[in-house]
Amino acid sequence: MIAPIRFYLSVFFYALTFCAFAQEYSISGKIVDVNNNPIEFANVILSEVDSSEFLKGTSTDDKGNFELINLKPETYVLKISFIGHKELEQIIVLTGSLNLKTIVLEETPEALGEVTVVGRKPTITRKPDRLVFNIENTALTEGSTLSVLKNTPGIIVSDGGINIKSSAATVFINNRRVQLTTSELIQLLESAPANSIKSVEVITNPPASYDADSGSVINIIMSKNLVTGYRGSIFSNYTQGVFPRYNAGTSHYFKNNKININVNYNYTQNKINRDQDDEVNYLDNANNIDEIWQSDINRNTWSQTHNLNLNFDYFIDNQNQISLTSTGLFTPYFKYQIQNNTVITDENFNFLSRFTADNLSRDKKYNIGTDLNFKHEFNNSASLSFNTHYTTYDYNRNQNVFSSFFDQNNTFTNSSEFSTLANQNTSIITSKIDYVLPINGTSSFDAGIKYSNVNTDSDITRIDIINGNEVINAANSDAFIYDENVFAAYSNYTKSWNKWDLSLGLRVEQTAVEGTSLSLSQINTQNYLNWFPNASLSHQISDDVSLNGNYKRSITRPSYTNLNPFTFFLNENTVVLGNPNLVPTYKDHFKVGVDFLKYFTIEAYYDNYDGEIIELPRQNNDTNVIAYTPTNLDQKTEYGFDFAFMKYITDRYFMFAVTSFYKITEETDFGQGFVTLSQWSNYSILQNSFSFLEDKSLNANLTFTWVGKNLQQLQTVENRLVSELSVSKTVFNKKGVISLAIEDFFNLQDYKSSTNYLNQLNSNFTDADNRYIKLGFRYNFGNTKLRTNERATTAEERQRLKDLN
């Protein structure tokens, strides 16, 4: 009996001894200022003695206390820092759990009075191919990501989209493309807190590592976070336009030494109004007016949308990281109603007849995209990344159209009714490998390869209601299968020397496309190999003067819906047609510029578009049908001159102003004669940003955008003025933000467009629901100084997903 007892005691004492040797320790303490006030959110970082490798990190609580746990008995470097105070660094030989008691951080000599995390003002850095707007630790980080973009010089945010000057911009987060529709993207950026943003890059000449169809790029750079903990926020917005709109969401982020998890969710409920006055002048064979069709159209859109974004990072070790990103959108309720009253007169406006058309559509869709990424960092600072992406997209529309017709005495004569069932299912798979090699302190090289496959299966069925019976209209029913494969490779080289900066890149893409219309028994195939070079060069002549120039070739592929040959009827006389014969658009962009006296920029540019894709309203004077059809123009050129000024007038007032004078020329041949249209125009922006109160907790932005008479898609668009005022105030010890925005307070944002060439003569005036007041509130909780790993799914192919109109 004694032997077993001795055995168990031996095992017990051996286990105690082992635990003692294997025991993990902790370091704790309290951080205060010189007045013995506890400092909340001070960063406490632990690293190795012989390197700067980060091991553990935390931040102090509201009482100034911190604790680092699960530490091995080793020698460490402890660093404690807080904005406005001197950093404390101390070597610690850890042989047991250590309580450092109270640690006093001294204020830096330049700290004036109260030092807050919003004491800095944003700075602007110009590079050969981009403008960098640095906002880390400024007041802008207290709002939403969308509010940051609205304050970034050169970026225009509206309900219609996000533009760099007058061109649509592609948005990236940490060099990863955000693939959502315009409305979905704005919802995502509005729900995402901005306190993780380090800078915003406005890239007018993206390097070869970006997809060839990227065009102008907005890249949001998120700060790398070393502090562990939890952070969350909730927000809600109420918008009153013609009808009220609601938006609410929440964001949660957790980090420890091995994982980062970020989850964002938001819900949007909208009712959007749009009024439109259309006039189509149908012509006879001599191009004289035969009939005038004047339509009074009201469109209302009801929608309920759920957005969910998940980001997960796992740090295997200091050199290897695996990440998962998934973005999901679900729209269970989407109702689209068009009420049309069309009056038909002769050329002297004598009444001939009229008709009404009521269009009611109910849609449902979901869009889920997921990325899996692995990154390995080598000891020489080089890195190798592997990424794979998958998207599944499903869209359904059930439409019913009822029309009533009246004669010249305005007496009802007859009616027609039909319904349309349309479905689209798309899957996207991409894979890519990227390698980055810093050659030395002044040059670097990167290269990569990518493969993508897009498969979309869609069908449309028109059912005519005749005498109460449903009859399939086979002539306007079809099924379409689209398959696309793209192989791409790129390389990019950057070099800086003396006062020169150079960037050279080349991207090559091989594309194979096959589109099959089952009912028409038509197969359309395209195979093409394209090279996309780009180059940027700048020279600093003096402290006050620098020159720069760049060139880039890019591509715009048609959307999958535009390639679909379906005929979609809005009513009996208005249709939307696909075009399976569309080919990509190629753009060559040239720019030279000079920056002088720190605040001024002058640029000249020239753009050449080969086969630009536009959606034209084409009237058929024989059938009195107007069809919206995507078409390739033969040629389009644009050149102009930009004059920009940006400066902090005072420490609290920033001004950005730009005016652009440019000329657009569009040319094409419709088989009925060659069309050439040209128009000089002016595009001007005046952006004013203000900070008020001693702690700069009250901020305002007033922006005016003038869009002069211009040419778009063979249509002349008249002048309009876009105006916006936004005000934000931090509350609850800077954990809450109240915001107010007013859009189009001069009521000059609506516009008229007109078409006049060959046998085309029509116009419309659009009164969009863009005049509104918006009130918002955001509250941050947890460690609000934590910065998230937020990003979005990447594949550029997702951008070409497009709903039926």
**Item:** Matching residues in the stretch 495-504 - criterion: being surrounded by 16 or more Cβ atoms within 10 Å (Cβ to Cβ), out of contact with any Asp or Glu (no Cβ under 8 Å at 6 or more places or on another chain) and not charged (D, E, K, R)
**Value:** Leu502, Leu504
**Request:** Would you check which residues across the stretch 563-578 are of a type in the set (S, T, N, Q), part of a loop (DSSP other than H, G, I, E, B) and modelled with pLDDT under 90 and list them?
**Result:** Asn564
**Request:** Considering only the stretch 697-736, state which residues are within 23 Å of the chain's Cα centre (by Cα), of a type in the set (Val, Ile, Thr) and over 20 Å from Thr659 (Cα atoms).
**Result:** Val727
**Prompt:** Of these, Asp744, Asp669, Asp767, which one is acidic (Asp, Glu), surrounded by fewer than 16 Cβ atoms within 10 Å (Cβ to Cβ) and touching an Asp or Glu at 6+ places or on another chain (Cβ under 8 Å)?
**Reply:** Asp669
**Asked** Exactly one of (1) outside any strand (DSSP E or B); (2) buried (at least 16 other Cβ atoms within 10 Å of the Cβ) is unmet by Leu520. Its number?
**Response** (2)
**Item:** Lone qualifier among Leu360, Leu352, Leu384 - being within 30 Å of Asn307 (Cα to Cα), open to solvent by 30 Å² or more (accessible area, probe 1.4 Å) and part of a strand (DSSP E or B)
**Value:** Leu360
**Asked** Got a number for residues in the stretch 68-106 being hydroxyl-bearing (Ser, Thr, Tyr), within 16 Å of Pro38 (Cα to Cα) and within 46 Å of the chain's Cα centre (by Cα)?
**Response** 1
**Asked** If you go through the stretch 59-70, how many residues are in a strand (DSSP E or B) and modelled with pLDDT under 80?
**Response** 1
**Request:** Evaluate the stretch 552-562: report whether one residue or more is more than 30 Å from Phe355 (Cβ to Cβ), assigned to a loop (DSSP other than H, G, I, E, B) and either at pLDDT 95 or above or not charged (D, E, K, R) (or both).
**Result:** yes
**Message:** Can you find, within the stretch 82-122, the residue that is nearest to Asn134 (Cα to Cα) among those that are among the polar types (S, T, N, Q) and at pLDDT 75 or above?
**Reply:** Gln90
**Message:** Condition (residue is part of a loop (DSSP other than H, G, I, E, B) and more than 24 Å from Ser444 (Cβ to Cβ)) applied to the stretch 533-542: is it met by at least one residue?
**Reply:** yes
**Item:** Lone unmet requirement of (1) at pLDDT 95 or above; (2) open to solvent by 30 Å² or more (accessible area, probe 1.4 Å); (3) of a type in the set (D, E, K, R) for Arg507
**Value:** (2)
**Fill in**
Restricted to the stretch 694-723 and to residues being farther than 30 Å from Asp278 by Cα and not hydrophobic (A, V, I, L, M, F, W, C), the residue surrounded by the most Cβ atoms within 10 Å (Cβ to Cβ) is Asn699
**Residue satisfying condition, being crowded, with 18+ Cβ neighbours inside 10 Å, under 30 Å from Tyr366 (Cβ atoms) and touching an Asp or Glu at 6+ places or on another chain (Cβ under 7 Å), within set Asn298, Asn311** = Asn311
**Request:** Just give me the residues in the stretch 229-247 being open to solvent by 40 Å² or more (accessible area, probe 1.4 Å) and in a strand (DSSP E or B), in sequence order.
**Result:** Tyr230, Ile234, Ser236, Tyr238, Gln240, Pro244, Tyr246
**Prompt:** Do we find that Thr75 is over 21 Å from Ile259 (Cα atoms), among the β-branched types (Val, Ile, Thr) and at pLDDT below 80 in this structure?
**Reply:** no
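The values are calculated or read from the model by the stated rules, or taken from the named source; none is laboratory data. All values reported here derive from a predicted model rather than from experimental measurement. Quick reminder, even Gly has a Cβ in these numbers, built from the backbone with ideal geometry, and neighbours come from all protein chains shown. Please note that ligands, DNA and RNA were not included when accessible areas were found on the heavy atoms of the full protein model with its side chains. Shrake-Rupley method; radii C 1.70, N 1.55, O 1.52, S 1.80 Å.
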